[in-house]
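Written out below as structure tokens is the structure these notes cover.
Quick note: the coordinates plus some simple rules give every number you see, no bench work behind them. All figures in this text were calculated on a predicted structure; none of them were measured in a lab. Note that we place each Cβ from the backbone using ideal geometry, even for glycine, and neighbour counts take in every protein chain shown.
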Amino acid sequence: MIRTARPADLDAIAALHTRARATYYQGHIPEQAYAGDAEIARTREGWSRAVARPAAVGRVLCAEQDGQVTGVAAYLTADGGTTLTQLHVDPVHWRRGTGAALHAACLDAWRSAGISRVRLEVYEHNLRAQAFYARHGWLPDPAAVRSGSHRTLWLHVGPPSGE
């Protein structure tokens, strides 16, 4: 089930985010930078702000199975553009359709809001995520200025299938 995140989900979301990040940051950046106490607190605070923002500005969606948060996605619309800021699936739930369901829910929300183009940044060493996004129609922006160790991708949000 995909639903809107609630403040009561914050601990589960922050823990899931940390586990997911460990899979692609491990060996590339120091552990304290993605799993240290200060970073976990910063992560939870960021998610707290995202969950509290008005729906017109963006949303945080949770995938839930048997009462447990198994995935999370967040997007933000600001300054005339929309960005998929986060999409994480708990590693123990990979390859079960959770990410695809979250992505589809985001697409539905974007279409309902009349959003036609969305951007995201993906960590250059996160090849799993890059493959996921490519399967879902995201394309690299060859003209984009590199944002540190991240690549910029764009998605054209077309009409729902069958239209």
Quiz item: Taking the condition free of Cβ contacts under 8 Å to residues at least 40 places away in the same chain, in a strand (DSSP E or B) and hydroxyl-bearing (Ser, Thr, Tyr), does THR152 pass?
Solution: yes
Practice problem: Check every one of the strands (runs of 3 or more DSSP E) wholly within the stretch 1-106 and list those with 2 or more residues that are surrounded by fewer than 21 Cβ atoms within 10 Å (Cβ to Cβ) and of a type outside the set (S, T, N, Q). | Solution: 2-4, 58-65, 68-78
